[in-house]
Every structure is written in structure tokens, then in C-alpha cells.
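Below: the structure, in C-alpha cells.
Here, each number is a calculation from the coordinates, and none is a lab measurement. In this text, all values refer to a predicted model and were calculated from it rather than measured experimentally.
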Amino acid sequence: MNHFELFGLPISLKIDRSRLAKKYFELQKKYHPDFFTRGTEHEQELALETSSQVNKALKVLKHEDETIKYLLQLKGLLEEEEKYQLPPEFLMEVMTLNEDLSENSAKQVAGIEKELYKEVENIIENYDDKTTTTADLFKVKEYYYKKKYLQRILDRIEG
């Protein structure tokens, strides 16, 4: 069972946070191991396993970037530790930004990120598991990797 099924949510790149929280509390009430202390060993193991899945799913689904990563993995379009090749012009822009870090860099990164999001906004905001194409998801994948590069710069600025 994938995270979306577990939470009874449609497969999506944008998660309704209030619905996610509500469903999380419902699932915790139903599967929290503390409620199975008098159950059989099998029931206790199942509750522990399900509760663990619920916590893991929540951790993914409450963060947009993690949800994007998870959905791409679910579709077989992204592998763990994948060496994704970004366009050279983007890499040059990031390299220049990285070399010239200043107090203005965070604003520059935010501006770049905003422009990148515009390219995939419609796909992310209106994702439909039946009609969104693989080509659309590859655009989202490139956005995901570009955003990771930008996050590294922000981490350096803050760090």
C-alpha cells in the first residue's frame, strides 16, 4: 500500500494539509501500538508496523519536495541516488551564484526558484493521475533536481 492509499488521498503532487492532518489523527487512533497492549502478539506487531508506515507517510506527504520525490519514485521515474544530468546553462548559473555568495544570494535563489516553479506550476497544482503525462512528470523531475541544487546554496548561506 502506498502512502496515498494509506491516507485515503488521491495521488497528487499537492496535498491538502488539513485533510492530511485529520487522516493522520484518525489512523493514529486506529493503529497506535498503545491501543494494542492487550492484543495478541500478531495484532501488536501489525499495529506497530502500520503505525510506523503512517508516521513515515506523514513525513513524506507533509513536505512538497518529498511528495514530488515519492510520486516520481512511485511512477518509476526517479531512483534513489540517481545521477541526474541538469542542463549545463543551469549548472553554470548555479556555479556562478555559488562562487559569488553575498547577502543578496538568498533573494537571487528565491527568484530563480520562483521562475523554475512557473514552468511546472500547472502540472503540480493540477496533477491528475489519469491525464498527467510522463513528459509532464519529467519536467517535474528536472524541477525537483534543480530545486535541490538551489537548496544546497541556501544551506551554505545559512550554514
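Taking 10 °C and 1.306 mPa s as the conditions, I'd like the Stokes-Einstein D for the range 1-92 in µm²/s, using the Kirkwood hydrodynamic radius from alpha carbon pairs.
106
For the range 137-150, just list the computed ³J(HN,Hα) in residue order, Karplus coefficients 6.51, -1.76 and 1.60, θ = phi - 60°, integers in Hz, with x standing in for Gly and Pro.
Listing the rounded values in order: 5, 5, 5, 5, 4, 4, 4, 4, 6, 5, 5, 4, 4, 5 Hz.
What is the spread of the Cα atoms of the range 101-140 along each of their three principal axes, largest first, in whole Å?
The principal-axis extents, from largest down, are 44, 15, 11 Å.
Considering only Cα-Cα distances, which of the following residue pairs are longer than 28 Å: Lys75/Lys118; Lys23/Lys146; Lys75/Lys114; Lys29/Lys130; Lys22/Lys139; Lys22/Lys130?
Cα-Cα > 28 Å for Lys23/Lys146; Lys29/Lys130; Lys22/Lys139; rest within.
Using only Cα atoms, find the angle between the long axis of helix 88-99 and the longest principal axis of the chain, and express it within 0 to 90 degrees, rounded to the nearest 10.
Result, in degrees: 90.
Express in nm, to one decimal, how much length is gained between Arg38 and Glu79 on full extension, taking 0.36 nm for each residue of separation and deducting their alpha carbon distance.
Length difference between fully extended and current span is 10.7 nm.
Alpha carbons only, please: Rg and Dmax for the range 1-46, in angstrom.
13.2, 39
Before rounding to the nearest 500, sum -39500 (n - 2.57) across all DSSP H runs of length at least 4 in the chain and divide by the residue total; then give [θ] at 222 nm in deg cm²/dmol.
-23000 deg cm²/dmol
Working from Cα positions, state the angle (0 to 90°, nearest 10) between the long axis of helix 105-125 and the longest principal axis of the chain.
It is inclined by approximately 60 degrees.
So, in Å, what gap is there between the alpha-carbon centers of the range 18-43 and the range 93-153?
Rounded to whole Å, the Cα centres lie 37 Å apart.
In whole Hz, what ³J(HN,Hα) sequence does the range 27-37 give by Karplus (6.51, -1.76, 1.60; θ = phi - 60°), x for Gly and Pro?
These are the phi-based 3J(HN,Hα) values: 5, 5, 5, 7, 10, 4, x, 4, 7, 10, 5 Hz.
On alpha carbon coordinates alone, what is the Rg over Rh value for the chain, Rh being the Kirkwood radius?
1.08
Mind grabbing the base-10 log of I(q)/I(0) for the range 88-158 at q = 0.11, 0.15, 0.20 Å⁻¹? Debye formula, identical points on the C-alpha positions, no solvent, two decimal places.
-0.31, -0.54, -0.82
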